[in-house]
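Just so it is clear, none of the values below were taken in a lab; they were calculated from the coordinates. Because the structure is a prediction, the values reported are computed rather than measured. Note that each Cβ is placed from the backbone with ideal geometry, even for glycine, and that neighbours are counted across all protein chains shown.
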Amino acid sequence: MKPVGLAKAGELAGLLHDIGKLRAAYQQYLAEGDPSKRGSVIHTFQGCRYLMERYHREEDSRQSVIASDLLAFAIGAHHGLFDCVDATRRIGLRYRTEKQGTDYEACVQALFQQGISEQEIDQLFSAASDEIATIITQLSGTYADDEEYCFVVGLLARLLLSAVIEGDRRDTAAFMTGITPTSWPEDRTPIWSERLSYLEEKLKQFPNDSPIAAARRVISEQCATFVSNQSGIYRLTVPTGGGKTLSSLRYALAHAKCFNKKRLIFTSPLLSILEQNAEVIRAFVGDDGLILEHHSNVVQEEAGKDALSERELLTQSWDAPIIITTLVQFLNTLFDGRTTSIRRFQALCESVIVIDEAQTVPTKLLTLFNLAIQFLSEQCHATIVLCSATQPCLEKTAHPLREDLQEIVPYDKEIWETFRRTELVTESCKLKEIPDRIRTLMETTDSLLVVCNQRRQAAYLLRETCSPAYQSFHLSAVMCMQHRRDVLAKLQETLTQNRKVLCVATQVMEAGVDLSFGMVLRLTAGMDSIVQAAGRCNRNGESKTLRPVYAINCTDENLGMQPDIQRGKTATIALLNAFQREPERFAGDLFSNESIRYYYQSFYREMEEGTQDYTIPKEKTTLFDLMGFNGTYADEDCSGVKEF
């Protein structure tokens, strides 16, 4: 916690978090060793009670009250979260401290008998409260909005709790198993320097004999020269096929070397994308011992109990130089209530976090996501890289990122044109008219991908267009992973045999699938989805001329149960109408930066208030409120909230 200015706070929380184990009842519980009584003797709230009764009195300063609140929460919740304020407006910390903090006087006396004096604890608390006050002052000056301010104070509480859980579980694991995970040096610059040199030597082996290779090299070099910028939130906007994975890896290694970052974290929205990225990262890092993959498809090879246990420990703590994980696991680390997720939060400090396909962050989580990455950047000294070919305008959301995000690679029309392989054609018709359109297109191409918004649309179109003249395939998210893999393998084989192919699918084919079709037909949805689908057309530049991607507005579809797709479709139609009136405003290109930006601004405007705050209809509130201001259950008199 020292690098983020909370060394003394972490030390004090660590000192007091388990003093309940010094009580006689707990020692008897240990001596009996009865598994059936596991967890029956509470030892968590004695440390909380000491803090609250000594530093949280009416005569104590506001600084003392705030610090004792946050530290007591970190101690009290290290074996499981509790409601700070519940539906009856009962204050959880006060209630549990009184009910479960029994025998705390005896525990404190036992602590003093171990050689720690009351004066030493007072001095430690004074230093810890100064640390916390410094951060609270920064947050108060940064967030004028009370709701945002309360939310980020909650993130500070989560950070303290995460550190307590990490220290507690690490020591317990070492004692119980005798296994101590690899200890990485404080100065990791030599690691990053060595791996960066390895990567750059491999990059030199790439041929530079084509416009695409030359453009990829330019993108990579720009990433390498941007590294000296301080920790912050940056965009890496690279066209499909632009070498985004290697360029972001090069930036991350070089930036980590420049600022002695503790780890690199790479997230992907889909397992299919993650597995492709992981293969590239492993090949160009050149040391598997530095890398931890954390996702559901990792299979632990039989390597003995110790090896398995060490991997489990690393998965719980993310204590490895390079982490490759899913967006879901990353979001769990930010917001999930399980202690296993909370524990990893401290690992985000002083990291480089590369978020691939940033546009896939769920819209209902945008507020929480924006505030969290801002907190990581400003308070935890993390650098966040938002990667996408269709960058969302996070500075235009309901609770926006406050800064105008800088591009690592500035937009260059010539470079983007190098990777352009398709042109967008827009049409409108009813669903029953689309089969005829598909049959007509199949007469002019060897392969066609049709991407639908709904499974029933895909089933209908497949049924209506089956023909002995070509081989038909179907893919959707309801198919199990192995079934999808089998179909994709057969589809890939058929495409390479130059046989006529029709594939009708849902959004599962939009990303993470390395297949190339002669044409793509996408039922109109969000522009990000259309661009992703276009990435499956002429993917490898098989045709030297631009191939058509048809965006068809299905005028009679009902997307009432899919509000995000409906909002995306509405925003896309707004863009198409604006483009038709003033094409020069968008550089004459529906895939241009100007077009994508206009689309996202329209998309966010379509959202009702609270949509981005993770609405909980049953409770008539939002997760943003519950994790911050808590206006639903807090006392009616919440004036002066900034004094907290």
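Only one residue of 153, 113, 132 has its Cα farthest out toward the positive end of the dipole of segment 110-195, where Lys and Arg carry +1 and Asp and Glu -1 on Cβ, and that residue is 113. Ordering 486, 404, 168, 556 from the fewest to the most neighbouring beta carbons within 10 Å gives 404, 556, 486, 168.
Placing +1 on the Cβ of every Lys and Arg and -1 on the Cβ of every Asp and Glu, with no other charges, gives the chain a dipole of roughly 1960 debye about its Cα centre.
Exceedance of the 22 Å cut-off in Cα-Cα distance is limited, within the set 413/544; 500/569; 396/618, to 500/569; 396/618. For segment 405-453, trypsin sites (Lys or Arg not before Pro) are listed when DSSP marks them as loop and at most 13 other Cβ atoms sit within 10 Å of their Cβ; the list is 430.
Within 10 Å, count the other beta carbons around each residue, average over each peptide in 388-399, 487-498, and list them highest first.
On the way: 388-399: 19.3, 487-498: 13.9.
The peptides rank, most packed first, as 388-399, 487-498.
The distance between label points at residue 260 and residue 57 comes to 4.2 nm (points 7 Å beyond Cα on the Cα→Cβ vector). You can think of it this way: the chain between residue 275 and residue 544 has 93.9 nm of extra reach, that is 0.36 nm per residue less the Cα-Cα gap.
Residues whose amide H lies under 5 Å from that of residue 537, counting only those 5 or more places away or on a different chain, are 517; hydrogens are built 1.01 Å from N in the peptide plane.
Non-local lysine pairs in segment 2-177, meaning eight or more places apart or on different chains, with alpha-carbon distances under 24 Å, amount to 4. Distant-in-sequence amide contacts of residue 354, defined by a placed amide H-H separation under 5 Å and a gap of 5 or more residues or a different chain, comprise 265, 266, 267, 385. From helices alone, the chain scores -15000 deg cm²/dmol at 222 nm; the rule is -39500 (n - 2.57) for each run of n ≥ 4 DSSP H residues, then divide by the residue total. Projecting the Cα atoms of 483, 227, 35 onto the charge dipole of the chain, computed from C-beta unit charges around the Cα centre, puts 483 farthest toward the positive end.
Of the trypsin sites (Lys or Arg not before Pro) found in segment 180-228, the ones in coil according to DSSP and having at most 14 other Cβ atoms within 10 Å of their Cβ are 204. DSSP finds beta bridges in the chain, and of those with both partners inside it, around 5 percent are antiparallel. Database remark: amide H of residue 422 closer than 5 angstrom to the amide H of 547 (H placed geometrically; neighbours at sequence offset of 5 or more, or on other chains; Pro and chain starts carry no H).
In order along segment 208-217, the phi-based Karplus estimate (6.51 cos²θ - 1.76 cosθ + 1.60, θ = phi - 60°) of 3J(HN,Hα) comes to 10, 10, 8, x, 5, 4, 5, 5, 4, 5 Hz; Gly and Pro are listed as x.
Rounded, prolate or oblate, given the Cα gyration tensor of segment 189-410, with a/c below 1.5 counting as rounded? Judged from the Cα gyration tensor, segment 189-410 comes out oblate (a/c at least 1.5, b/c at or above a/b).
3J(HN,Hα) couplings calculated from phi for segment 424-435 with the Karplus curve 6.51 cos²θ - 1.76 cosθ + 1.60 (θ = phi - 60°) are, in sequence order, 8, 10, 10, 9, 9, 5, 7, 4, 5, 8, 5, x Hz; Gly and Pro show x. Computed 3J(HN,Hα) for segment 285-296, one whole-Hz value per residue from the Karplus formula 6.51 cos²θ - 1.76 cosθ + 1.60 where θ = phi - 60°, is 7, x, 8, 5, x, 8, 10, 10, 9, 10, 6, 6, glycine and proline marked x.
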